[in-house]
Structure formats: C-alpha cells, structure tokens
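Data first, discussion second: the structure below is written as structure tokens.
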C-alpha cells in the first residue's frame, strides 16, 4: 500500500511538473496583448502591443486589396474587431494551418502600407494611407519611423547585416519579394531550370529561419524558404517552372528585391512577316 501511495505521488508530481513546464513555454512565446487604432479621413494606423519582439512578413494579396501581416509563433490575446474605417471592409485575426498568426485587412480602395516594429514598449505598427494622399502625423514621435527597427543582438555583436523584414507584394504583372536590411549586403544567385528553384546566398547576413507560403495559390511564386549557413543566409525561392525573374539591390533604405514575372507580363513574340 505504501509503495502504491509513493508511486501515486511520483506520478502526480511528474504530471504537475510537466504542466508547469508546458505553461512556462507557452508563456514565453510572444503574444499580442492589445490592439488600438488611430485614423484620419485617408489614413489608418493599427498598433498591436506585443509581449516581446518578433519577426514578421507583410504583403499585399488579391489585386492589392488584401494586406496580410504574418507573425510566426505568436499567440493571439486580442482581435482586430475594433479596427473600423470607411476605407476598410474588414479586419480579422486568423490562425493559419502553418501555425502562424495572420492579420488580414480587406481594403475597399487602393492603399499604401508600411509595417514596422518599435520598442519600449514593443509594438507592431501598421500604417495605411489612401493612394495619392499624404501620410498622417500621429501623436507618438517614436512611431513615425517608416522602416522596421527589429535588430537581433547577435547580428550587432558579430557585425552581420540583419534582415529586418520580408515583404511579398502581389501585383498584376509580377510577384515581388523584398528583403529589408540594415546595411548593404553582397549576394550570389543560382537557378535550377528543371525545378524552378532560385537560390540567393546573402553573404554575412543574419535572418530568422522560416518558410513563407505564397501569398496567392497557383501564382508564379510558390514559397520562400530562409535558412542560415554559417555567417550567410540562403534564400530558396520556389517558382513555377520557366518563370522569368530578376534579382537586384536597392539603397536608401537597403533592400534585396526578387521579381517573379507573370505570364501576362512577358513580351509577346512578334508576328511573322
């Protein structure tokens, strides 16, 4: 009887410890604490208060009317139900099949968007402005930054260039993938025509490993996979076979851009005389 009781207490203690460890892991994950909004006639600002820093991806989808912000490994403690505006059809939080959290904004008219992180406290800021209008100036000066501020401490210590954000833009003639960086970076490319796999090796660049699904099913871009290789970051872009592409660098701010051209945008063969 005594042995049975000891066994019972050991099992109970183990279960309690497992529950505590599981809860601790869950609590350690980043989470959205609250969502607030400011707006004018032509602009919308959405601020999501986070428990800690996190990486995000942002892109337009469906003829540039749906704007999506993807947060990997983030818990949802708040909704977007309070985000309302005459230019906005609907805003919602969706848990994807990949486990990521998606902020989805369905716009009535064409808008421009900027998404970035600010700190102390940590917030994700999403600014929408009606196309052709000037952005609004909101009250908090630290939320006026127009670029991401997510910087990983290991990148600062090792002198690596940091990928601060990845954006995918779905346009009528192409799908554009943009890597925002905090400094200029060297890169080299290779392409496998039989699989449609484009590989970009970014030299001395630090980025969070993750896989980003295509913004639109059946498009020329299937997925983007980011992996680390020593001090380098390797980006694998799976394209539809025979899709023309361009890879180039921009500055002010620093970016590496990948354009996958759609069939309708490819030059037509000249008719025979």
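The values are calculated or read from the model by the stated rules, or taken from the named source; none is laboratory data. This is a predicted model, so every value here is computed, not measured. Reconstructed Cβ throughout: ideal geometry from the backbone, glycine too, with neighbour counts over all protein chains shown.
See the values below:
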item: Qualifying positions in segment 94-116 - over 12 Å from the mean Cα position of the chain (by Cα) and buried (at least 19 other Cβ atoms within 10 Å of the Cβ); result: 105, 107, 111, 113
item: Enumerated strands (runs of 3 or more DSSP E) restricted to segment 84-125, each holding at least 3 residues that are in contact with a helix residue (DSSP H, G or I) (Cβ under 9 Å, 6 or more places away or on another chain) and touching a residue at least 60 places away in the same chain (Cβ under 8 Å); result: none
item: Residue match in segment 188-205 (condition: in contact with a strand residue (DSSP E or B) (Cβ under 7 Å, 6 or more places away or on another chain) and at positive phi); result: yes
item: Identity of the residue in segment 32-83, under 18 Å from the mean Cα position of the chain (by Cα) and on the phi > 0 side of the Ramachandran plot, that ends up surrounded by the most Cβ atoms within 10 Å (Cβ to Cβ); result: 64
item: Some residue of segment 184-195 being assigned to a strand (DSSP E or B) and under 19 Å from residue 61 (Cβ atoms); result: no
item: Hits in segment 40-75 - residues which are free of Cβ contacts under 8 Å to residues at least 60 places away in the same chain and either assigned by TED's automatic domain parsing to the domain that holds residue 162 or more than 21 Å from residue 119 (Cβ to Cβ) (or both); result: 41, 65, 66
item: Residues of segment 209-249 that turn out to be buried (at least 17 other Cβ atoms within 10 Å of the Cβ) and in contact (Cβ under 8 Å) with a residue 60 or more places away in the chain, as a count; result: 9
item: Any hit, segment 122-138, residues being surrounded by fewer than 16 Cβ atoms within 10 Å (Cβ to Cβ), under 16 Å from the mean Cα position of the chain (by Cα), within 25 Å of residue 109 (Cβ to Cβ) and at pLDDT below 75; result: no
